[in-house]
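A short write-up of the structure that comes next.
The values are calculated or read from the model by the stated rules, or taken from the named source; none is laboratory data. From a predicted model like this one, the values you see are computed outputs, not experimental measurements. A quick note on method: Cβ atoms are made from the backbone with ideal geometry, for glycine too, and the neighbour counts reach across all protein chains shown. In case anyone asks, the SASA skips ligands and DNA or RNA and just uses the protein heavy atoms, side chains included. Shrake-Rupley method; radii C 1.70, N 1.55, O 1.52, S 1.80 Å.
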Amino acid sequence: RADAQGDNRLLAYLVADDRHAINATELRLFLQQTLPEYMLPSAFVMLDQMPLTPNGKVDRRALPAPDEVAQPDAQQYVGPRTLIEEMVAGIWAEVLGLKRVSVEANFFELGGHSLLAMQVVSRVREACGVEVAVRKLFERGTVAGLAVEVEQELRGGANEAVEAIERVRRDEEMPLSFAQQRLWLAGQMEGFSPLYNVPARIRLSGELNTEALEQSLNEIVKRHEVLRTNFVTVDGRPVQVIKGAMPSAMSKVDLSHLAQGEREVEMLRTARLEASRAFDLTKDSLLRVTLLRLSEEEHVVLLTMHHIVSDGWSLGVLVREVAALYEAFSGERPSPLAELKIQYADFAVWQRESLEGERGARLLSYWKRQLAGAPEALLLPTDRPRPAAQSFRGAVSSFLLSTELNESLKAVGAQEGATLFMTLLAAFKALLSLSTGQDSIVVGTDIAGRNRGELEKLIGFFVNQLVLLTNLDGNPSFRELLRRVRDVCLGAYTHQDLPFDKLVEELNPKRDMSRAVLFQVKMILQNAPMPPLELPRLSLTPLEIEPETAKYDLLLDMGETELGLKGAMHYSTDLFDAQTIERLLRHYESILRYVAERPDARLSDVAKQLAATDQQQRAIKEKEYEETRRSKLKNVKRKVIA
């Protein structure tokens, strides 16, 4: 079942003749003798009786969440013994969406991952005023262990002081954040382009209160200054200009007069046109909303933001706030949202000031050491020569991996204290190394950049890019490679506050218009918090928008779903054909399946497995060709006889 964060957990529900005769620890030890780790339940829930449907079957929907049932097994829950443990346990419960957390429970077995770990560290900083490295959470893993680290930091008093983000005066020039400055510079060089548009479209089925929806969107624009900000040049420098709060009318287009088939065609055409319409950063509203009316109870909302004012996390904030406001305004009640203490512009000022002096120098020194000796480029074999300049034309190829494989990969990672992202990245780096023959593999990734609690409720462009360099020399086993990737990731998370754009500025690599700077291949795992799409008396369905652009040679986008691990490979069509990408994805899936069963296999063993995969694929193709040829011959014979 899904937990509060939307992550699926395997649970066991039991009824015993004597509830006190069964011990969850003993059950787990018993099952370990016959089941692989990924099939072991994360919790055992004892019930007096199973809830049944009228037909006498188990009513799975009525089964309670683990924290809703008082469990007799005292070993399952150990309460906090100190004030620090109580504070840390409360933070974990809040972040993981649980009612309570045992001080001996493992963070990652409870559904934690890197992004949630950042939130824990952020809340510890707010509550105690100390900076605990995220690496410590990975190493310790439990409330009790992290509490020890917090206590040591409190006693040591050697923490690096990072001042809180405060509101700044609005009557002075407001600088851009480093990430915003990069997009602004791109706009100066390339002109206004839809490349950095962030589009979304949602189908609304049911009774829509159009006035309440428009009022909700206007309230969000009023609430978040960044959505009414433009970017202009003053004395050669870009500055933010924040407009006053004013209604931004939602565009409305009525397609209900068209036949049903024509309505869908026109809806798709309008959606593509809206997503491809560029923003003028100097004067346009950087949030556009269009409501398409298909019928009285069928609408589609087209929402487009420029990346300079938003990111993936921001979409979650927007959805959550629209839901709260729409419900209130539909009932003619005031906004239930608390006033924001700071705005994005305050963060931009704080970010620049916080990186001045020793802290910025220390972060930069780490990244310079980490990337010393990195290759200038990843030399992927391409179907065509690389053009002199990127056109950003692209396509996407999607795939799905089973939930069983997903759980198995999590289990392999857990044995090395690694997250699912680290495990997927290790396999991806193995694939890239075998494809290029290079030992030093650089892959970029995104990190939310919201490692302070006051940033979690803001809309804005906070996401930072990390450059992850891993050495694969020495024919390591996958387990050893995973340890190397884990160490690189933890170091990067600890030093994530140096903006990618500041790193590029300081390293000043040789510019090449034909490829992205510092890395040409990227991988991300979608785990930003996204609340369910729910509005009163409405059914909401997100509609996929298949991009036709590619900022990198390859971008592997992964995400967990109820059906399993969903993946999408975005690729440059200047360089690759669809068949090449399909082969690459077959190899990636083959590696994942192989190392899930044989984590001690070496890279040379993985290479043999890929060769076998290709041979099997050729045999399938030859069989299909032969069957097609025979079918055609039979058809010819029938025609001749006729």
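Rounded to the nearest whole Å³, what is the per residue volume of the convex hull around the Cα atoms of the range 153-297?
On the way: hull volume 28.2 nm³, N = 145.
Output value, Cα hull per residue: 195 Å³.
Summarise the accessible area of the range 376-469 (1.4 Å probe, protein heavy atoms) by the percent that is carbon and sulfur. Provide the component values of the computation, followed by the final result.
On the way: 1630 of 3120 Å².
Exposed carbon and sulfur together represent 52 percent of the surface.
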* Asked: What would the Debye formula give as log10 I(q)/I(0) at q = 0.25 Å⁻¹ for the alpha-carbon point model of the range 257-316, no solvent?
  -> -1.05
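Are there trypsin sites (Lys or Arg not before Pro) in the range 459-528 that DSSP marks as loop and that have at most 15 other Cβ atoms within 10 Å, and which are they? Don't jump to the answer; show the numbers that get you there.
Values: sites: R479, R483, R484, R486, K502, K510, R511, R515, K522; in loops: K510, R511, R515.
Here the trypsin sites (Lys or Arg not before Pro) that fit, given the DSSP loop and packing criteria, are K510, R511.
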* Structure fact -> For K252, the residues 5 or more places away or on another chain with a placed amide H closer than 5 Å to its own amide H are L291
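Going down the list K368/K502; K222/K551; K410/K551, which pairs span over 23 Å between their C-alpha atoms? Kindly include the intermediate steps, with their values, before the conclusion.
Values: K368/K502 12 Å; K222/K551 32 Å; K410/K551 30 Å.
In this structure, K222/K551; K410/K551 exceed 23 Å between Cα atoms.
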* Structure fact -> Quick calc: nm separation of the 7 Å Cα→Cβ label points for I545 and E339 -> 3.4 nm
* To do: Report the residues of the range 223-240 in range of a label on D171: point 7 Å along Cα→C-beta, backbone N strictly under 19 Å from it.
  => 240
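Express the accessible area of the chain per residue in Å², computed with a 1.4 Å probe while the remaining protein chains stay in the model. Before the final figure, lay out the partial values.
On the way: 31920 Å² over 642 residues.
Computed with neighbouring chains in place, this is 50 Å² per residue.
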* To do: Specify whether the C-alpha gyration tensor of the range 277-344 places it in the rounded, prolate or oblate class, a ≥ b ≥ c being the square roots of the eigenvalues: rounded for a/c under 1.5, otherwise prolate if a/b is larger than b/c and oblate if not.
  => oblate
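Which longest uninterrupted range of the chain lacks any chymotrypsin sites (Phe, Trp or Tyr not before Pro) assigned by DSSP to a loop state (not H, G, I, E or B) and surrounded by at most 15 other Cβ atoms within 10 Å? List each step's numbers first, then the result.
Working: sites that count: Y77, F192.
Counting only loop sites that pass the neighbour cut-off, the longest clear stretch is 193-642.
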* To do: Give, rounded to the nearest 20 debye, the magnitude of the charge dipole that the range 516-573 has about its Cα centre when Lys and Arg contribute +1 at Cβ and Asp and Glu contribute -1 at Cβ.
  => 120 debye
* Asked: Based on the Kirkwood radius over alpha-carbon pairs, what is the Stokes-Einstein translational diffusion coefficient of the range 467-583 at 4 °C with 1.567 mPa s viscosity, in µm²/s?
  -> 72 µm²/s
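How compact is the range 460-521 by the rule of thumb for globular proteins, expressed as Cα Rg over 2.2 N^0.38 Å?
1.35
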* Structure fact -> Checked the range 366-503 with the C-alpha gyration tensor, a ≥ b ≥ c its square-rooted eigenvalues, rounded below a/c of 1.5, otherwise prolate if a/b is larger than b/c and oblate if not; verdict rounded
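Given a cut-off of under 8 Å on Cα pairs at least six residues apart, what relative contact order in percent is computed for the chain? Could you put the intermediate results ahead of the total?
On the way: 989 pairs, mean separation 97.2, N = 642.
Result for the chain is 15 percent.
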* **Inter-probe distance in nm under a simple model that places probes 7 Å from Cα toward Cβ, at S604 and E94** => 5.3 nm
* **Estimated dipole of the chain in Debye, rounded to 20 [Cβ of Lys and Arg +1, of Asp and Glu -1, Cα centre]** => 2060 debye
* To do: Compute the Rg to Rh ratio over the range 540-603 from the alpha carbon atoms, using the Kirkwood formula for Rh, and round to two decimal places.
  => 1.04
* Could I have the simple spin-label model distance between Q617 and D512, label points 7 Å from Cα toward Cβ, reported in nm to one decimal? => 2.5 nm
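Compute the FRET efficiency between E211 and V58 as 1/(1 + (r/R0)^6), taking r as their Cβ-Cβ distance and R0 = 45 Å, and round to the nearest 0.05. Please report the intermediate quantities before stating the final value.
Values: r = 45 Å, r/R0 = 1.00.
With R0 = 45 Å, the Cβ-Cβ based efficiency is 0.50.
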* Scan the range 535-632 for GluC sites (Glu not before Pro) in coil per DSSP, keeping those whose Cβ has at most 12 other Cβ atoms within 10 Å, and list them by number. => E544, E562
